Structures are given as structure tokens and as C-alpha cells.
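To keep things clear, I will list the structure first and then write my remarks on it.
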Amino acid sequence: MIIEIDGYFFQVLLTGKKCSKQQLKQKYQQSIELTNDIKDLHNVFCRLHNFEQIPYDCDIKVEFVIDTDTDRIYSPSY
């Protein structure tokens with residue numbers, strides 16, 4: 001699955017094992033708790049949950065977006 005982490009300072013695409021929205025929310029919460037600087041969130045998320053960062057491309061369709069400004073997780077409508 002491909003997810004996007006969208007924040008004020010960055011937009012990052014990550015790929016990893018498919019999971020539900022609820023599972024993704026738990027993974028996000030675990031990562032936030034261990035992150036000192038929000039800019040490092042994607043690195044912490046990848047290390048904890050075996051995801052990998054891929055080059056950002058706005059044309060790639062993602063299953064979920066994690067908005068770090070609002071702590072909202074949603075499926076984008078294309």
C-alpha cells in the first residue's frame with residue numbers, strides 16, 4: 001500500500017504492508033509518541049513499521065493520507 005504523510009514542511013510517500021485505517025492510526029500514534037521533531041516522523045514511521053520512502057510524485061494514487069497538521073487520516077477522493 002502507498003500512503004502520503006502530508007505536513008506543513010513536507011510531503012512524503014511511503015510504501016508498506018497493507019493495513020486498515022484503524023491500524024494505520026495506531027501506527028501513526030506510536031510514531032508520534034517517539035518523534036521529537038515532526039520533520040522526522042516519516043523516518044520513525046518507516047523504522048517502526050517496515051515502510052519505505054519512495055520518491056514523491058503527485059500523480060501517484062495513495063490509499064490514505066496522514067495530515068500531520070490536523071492529525072487526520074483519510075482516503076483521498078480522486
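With contacts taken as Cα pairs under 8 Å and at least 6 residues apart, the chain reaches a relative contact order of 40 percent.
When segment 17-78 is described by a simple charge dipole with +1 on each Lys and Arg Cβ and -1 on each Asp and Glu Cβ, the residue from GLN26, TYR74, PHE45 located farthest towards its positive end is GLN26.
For segment 18-58, the fraction of C-alpha pairs farther apart than 11 angstrom is 65 percent. For the chain, the per residue solvent-accessible surface stands at 65 Å², with DNA, RNA and ligands left out and a 1.4 Å probe. For the chain, the equivalent ellipsoid derived from the alpha-carbon gyration tensor has semi-axes of 17, 14, 13 Å in decreasing order. Other residues whose C-beta falls under 10 angstrom from the C-beta of HIS49 contribute a net charge of +3, scoring Lys and Arg +1 and Asp and Glu -1. For the chain, DSSP calls about 75 percent of its internal beta bridges antiparallel.
Label positions at ASN50 and LYS17, each projected 7 Å from the Cα along the C-beta direction, are separated by 0.4 nm.
Taking the accessible area of the chain, probe 1.4 Å, and keeping the other protein chains in place, the carbon and sulfur fraction comes to 45%. If the segment from ASP71 to ASP57 were pulled out straight at 0.36 nm per residue, it would be longer than the present Cα-Cα gap by 2.8 nm.
The values are calculated or read from the model by the stated rules, or taken from the named source; none is laboratory data. A quick note: this is a predicted structure, and the numbers were derived from the prediction, not measured. Note: ideal-geometry Cβ built from the backbone for every residue, glycine included; neighbour counts use all protein chains shown. Surface accessibility is based on the protein's heavy atoms, side chains included, excluding ligands, DNA and RNA. Shrake-Rupley method; radii C 1.70, N 1.55, O 1.52, S 1.80 Å.
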